[in-house]
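Report on the following structure.
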Ligand code: TIU
């Protein structure tokens, strides 16, 4: 069955059987104090405001029978999947792999690397660990989506201009039709969130579509 969402720059049409919700990096490392986001010098409280909206979106996707995908930006404990350039970037007093209040920063399996409790994945949902900003780079996401005949992706998560935008651009280049839920994404730099939403739907939807959650919930 086809659903039509009032979106920018034009209505977004999808079939639930071929649609996945992709929630990018709603991890303690970005949303709570003591993780990677704070180590980079950011005010992490700017991100927690979207949690109830992402939770409503997740509940909707589950009840509508979409495939759900959660991603985590994470690295192996020996950092073998972290390019030196990425390791050396950031702030000198706290780098990827350093000990922090929630365990080693951005390391797979550490407490801080987990998805926040209120958005915890359920059995049957995909959890993709990604060493880059994009969800497709060096992951099995493309194969997992192809196996399930997924053609349409609805995006949410953090941060808008870094991992969400990178993943959406990767998806767009791979031929997926992509919708970003505007109020289910946040940035440490609010102006970057606004700019990213505007650039995604500019030029006739050069990267995809954007819409608020209410437009999706009202769609039929
Ligand atoms: N998940 C994600 O966006 N990773 C980042 O490093 N984002 C920042 O904004 N730094």
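All of the numbers you see were taken from the coordinates with simple rules; none came from a lab. Computed from a predicted model, the values in this text were never measured in an experiment. Glycine also receives a Cβ, built like all others from the backbone with ideal geometry; neighbour counts cover every protein chain displayed.
Can you work out the FRET efficiency for the pair residue 91 and residue 55, with r the C-beta to C-beta distance and R0 = 30 Å, to the nearest 0.05?
That pair, residue 91 with residue 55, gives E of 0.45.
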Quiz item: Hey, how much of the P(r) for segment 121-202 falls beyond 22 Å, as a percent of Cα pairs?
Solution: 23 percent
Quiz item: How big, in percent, is the set of alpha carbon pairs in the chain lying more than 24 Å apart?
Solution: 39 percent
Self-check item: Contour minus Cα-Cα distance for residue 62 and residue 78 (0.36 nm per residue)
Solution: 2.2 nm
Practice problem: Name the most mobile residue of 81, 123, 29, meaning the one with the largest mean-square fluctuation, in a Gaussian network model of the chain with Cα contacts below 10 Å. | Solution: 123
Quiz item: In degrees from 0 to 90, rounded to the nearest 10, what is the angle of the helix 190-205 Cα long axis to the longest principal axis of the chain?
Solution: 40 degrees
Self-check item: Sorted by Cβ neighbour density within 10 Å, fewest at the top, the residues 181, 115
Solution: 115, 181
Quiz item: If each residue's Cβ is checked for other Cβ atoms within 10 Å, how do 145, 40 rank with the fewest at the top?
Solution: 40, 145
Quiz item: Relative to the present Cα-Cα distance, how much length would full extension add between residue 144 and residue 16 at 0.36 nm per residue of separation?
Solution: 44.4 nm
Quiz item: When a footprinting reagent is the concern and you count Cβ atoms within 10 Å, what order do 102, 1 take, fewest first?
Solution: 1, 102
